[in-house]
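Nothing in this text is a laboratory measurement; each read-out follows from the coordinates by a stated rule. None of the values given here were measured: they were computed from a predicted structure. Ideal geometry is used to build each Cβ from the backbone, glycine not excepted, and the neighbour counts take in all protein chains shown.
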Amino acid sequence: MHYPIFVDLQARRCVVVGGGLIAQRKVTMLLRCGAAVAVVSPEVTRTLRRYAQRVRIRHVARRFRAGDLRGAWLACAATDDQQVNLAVSREAARRRILVNVVDQPKLCSFIAPSIVQQGDLVIAISTAGGSPALSKYLRRQLSRTIGPDYRRMLTLLKGLRPLAKRRLPSYQARKRYFDQLVEGRVFKLVRRGRIAQARQEALSVLK
């Protein structure tokens, strides 16, 4: 059984084997999660090279070797070489490290979901490895729907939570309040870019 994973990887050491565009996407996602990333590959994309130059990642410029996963918490294999991918999977299994091998669910212990993100709003999409193409399609569709207005609405709601907790002592009262904000005029104002007016409206509802 494989499970989708998306966690806070702050300072956890992750190893990505491969230096192409797929590896680049994996690295970018891991960096967004706060991971400490090492890339093992003789060649890398310009973006990965730039990450290394800026010391955002560590680039090990050679082919994968046994022992490269020592001390890692998570590994990703994104190469065109089946033997390398298999070696990464086997070493990860020996070391009890989470491993994802691109497009090869049988070699994985977890599935990396497609991510739609607007600030702190994160939506993870997984087909359990059944169809990465469908997962990416859904991500593109959701990206068109979940725009910056959702990020702005989330920021507004987070700012109102402490005040709502003081004014509305019960969970049910707070739930009704925030449901009203999300489903009513306040969110419509946010979508129109009228953030200050939306906040005033939310405060009026609270009173």
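Some points to look at:
- Antiparallel beta bridges, as assigned by DSSP with both residues in segment 1-112, represent about 0 percent of the total such bridges.
- Unit Cα scatterers, Debye sum, segment 148-206: log10 I(q)/I(0) for q = 0.19, 0.28 Å⁻¹: -0.60, -1.21
- Choice from S135, S143, S170 showing the highest fluctuation, given a GNM over the chain with Cα pairs closer than 10 Å: S170
- Note, ³J(HN,Hα) from phi for segment 170-182, Karplus 6.51, -1.76, 1.60, rounded to Hz, x at Gly and Pro: 9, 4, 4, 5, 5, 4, 4, 5, 5, 4, 5, 5, 5
- Here's how it looks for V40: its modeled amide H is under 5 Å from those of V16, V17, G18, V60, which are all 5 or more places away or on a different chain.
- Residue-averaged 222 nm ellipticity for the chain, from DSSP H runs of 4+ at -39500 (n - 2.57), nearest 500: -15000 deg cm²/dmol
- Global form of segment 88-151, assessed from the alpha-carbon gyration tensor, a/c cut-off 1.5: oblate
- Measuring between alpha carbons in the structure, the pairs from K158/K188; K106/K158; K106/K136 lying more than 29 angstrom apart are K106/K158.
- Within segment 138-207: Cβ-based charge dipole about Cα centre, in debye rounded to nearest 20 (Lys, Arg +1; Asp, Glu -1): 160 debye
- When DSSP beta bridges are restricted to pairs lying wholly in the chain, around 20% turn out antiparallel.
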